[in-house]
1. What longest range of the chain stays clear of loop-exposed GluC sites (Glu not before Pro) (DSSP non-H/G/I/E/B, at most 14 other C-beta within 10 angstrom)?
2. If R₀ is 25 angstrom, what is the calculated FRET efficiency for the pair Ala146 and Arg103, using the beta carbon separation as r and rounding to 0.05?
3. Based on Cβ point charges of +1 for Lys and Arg and -1 for Asp and Glu, what charge dipole magnitude is obtained for the chain about its Cα centre, in debye rounded to the nearest 20?
4. Given 0.36 nm per residue, what is the gain on full extension from Arg22 to Asp94 after removing their alpha carbon distance, in nm?
5. Applying the Karplus parametrisation 6.51 cos²θ - 1.76 cosθ + 1.60 with θ = phi - 60° to the phi angles of region 46-57, what ³J(HN,Hα) value in whole Hz is obtained for each residue in order, glycine and proline being reported as x?
6. For helix 225-237, report the angle its Cα long axis makes with the longest principal axis of the Cα atoms of the chain; keep it between 0 and 90° and round to the nearest 10°.
7. Measuring from centroid to centroid over Cα atoms, what is the spacing of region 77-115 and region 181-213 in Å?
8. For labels at Glu127 and Arg267 in the simple 7 Å Cα→Cβ model, what's the distance in nm?
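Please treat every number below as a calculation from the coordinates, not as lab data. None of the values given here were measured: they were computed from a predicted structure. Glycine also receives a Cβ, built like all others from the backbone with ideal geometry; neighbour counts cover every protein chain displayed.
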Amino acid sequence: MSDLGPVDPGLAGDAAWLRRWRLRPDGDPLTTTSSRIIPVLTGDGVPAMLRLAHTDEEVRGTELLVALAGRGAARVLEHDGEALLLERATGPRDLVRMVTDGRDDEATRIICEAAGRIHGASGLVLERPDPPGLIDLPTWFRELFAGADRLGPLHRRGADLAAELFDDPRDAVVLHGDLHHGNVLDFGERGWLAIDPKGLIGEASFDYCNVLCNPSHERAARPGRLERQFGVVAEASGIGPARLARWLVAWCALSSTWFALDDDPARADSAAAIGERALTLLEA
């Protein structure tokens, strides 16, 4: 028997990675469509997360985390192909709870700061001898461009705005691609750091839009909430409100498209409704 002790039968398929990196399970595993995630302790007793990727998107995110080397994101302890060992967030603070406790502005600023740290590491990431394979934003928006005319007026408007933005580009930076209240965690002494990046490259403005639709569509749709947090993001990021509003409409249209493709009409409609609200910001 391994000196790591018995392996939970549910982890039998993961035993090779546990043995290779001398890890002990430290909680229930979680299996999603994109990965299997297992809380573990290292041989030195350090809390970590073992993630086994099931998709190319997850592998690309791993490549970006490796390249960031802990700048604005969780630090990679080990990696090899589909497998990633990541430092675990053990701090007590939680951004979703912060919002429900009435500290919405503070939570938004924390996410904006995490975004800025990742963007600020772009030079170091892109100048590596082996830079990660990142997806550009026009490619990321391909489903919106393909489906805009059949989905609705908001989608058509969002696709048109996205095309205009791509025709008038700003400096490209490394993008997380999915920044929201559940993907920026409390890492104790290391502060607030991001997890689960998509691994994109493009205009920094894009990375600030998802926070405005989170931590839930229901929260984002509350009267006055979108407008207030839009102002917080514009101030914290330094992005001009007019350009940020165009990106927000485009993002909502893209998000709604993805929900429609996933056969989730309720979420597709709620994302589009946030986009309709965002249209009023174009006129502000």
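1. Maximal segment without exposed cleavage sites: 128-282.
2. 0.05
3. Computed charge dipole of the chain: roughly 380 debye.
4. 22.9 nm
5. Result, ordered by residue: 7, x, 8, 10, 9, 10, 10, 6, 10, 9, 4, 4 Hz.
6. 70
7. A separation of 8 Å, based on Cα centres.
8. Result: 4.0 nm between the two label points.
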